[in-house]
Amino acid sequence: MIAYDLQCCNGHRFEGWFEDSRSFDRQKKQGLIACPICEETAVSKMPSTFAIKGASGTVPPKSGAKGDLAVLSQQIADYVEKNFDNVGADFAREALKMHYGVSEPRNIRGFSTSTEEATLKAEGISFFKFPVSSESSDPDAS
């Protein structure tokens with residue numbers, strides 16, 4: 001058995017248990033996985049603290065403390081900032097260009113409208129949304 005942290009397109013997080021990763025993929029494709037809150041079937045796997053190694057090569061402890069979550073959130077934000085190209089408002093356009101082979105695939109970050117997100121989903125483009133602090137979202141911030 002394997003447990004995944006899942007999130008629906010409306011932002012509700014929940015856990016799902018599957019026989020293996022292929023079982024998750026099959027059930028998702030068939031629309032059998034639904035959010036227990038809103039029953040939305042557009043769900044995606046979320047990063048889990050069990051899958052993120054710390055600097056010492058150990059998995060962060062699962063204490064549930066708000067401080068631990070804040071630290072983990074900051075580590076993720078720092079990693080994305082350092083390892084993803086910031087394309088700002090051109091996120092959807094750049095994702096579509098990579099999807100159709102117009103530009104080379106690369107890690108990108110930015111923002112998009114709900115209409116652009118719907119287009120990306122309709123085109124079969126996977127993306128991950130996560131909140132950022134107001135300091136991180138200001139492109140003019142140093």
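Derivation of every value follows stated rules applied to the coordinates shown; laboratory data play no part. Keep in mind that what you see is a predicted model, and the values were worked out from it rather than measured. Cβ coordinates were reconstructed from backbone atoms using ideal geometry, including for glycine residues, and neighbour counts include every protein chain displayed.
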Neighbour net charge for Pro105 - beta-carbon separation under 12 angstrom, K R +1, D E -1
-1
Give, rounded to the nearest 20 debye, the magnitude of the charge dipole that the stretch 1-46 has about its Cα centre when Lys and Arg contribute +1 at Cβ and Asp and Glu contribute -1 at Cβ.
140 debye
Over 20 Å between Cα atoms, which of Lys28/Lys82; Lys29/Lys121; Lys28/Lys97; Lys82/Lys129 qualify?
Lys28/Lys82; Lys28/Lys97
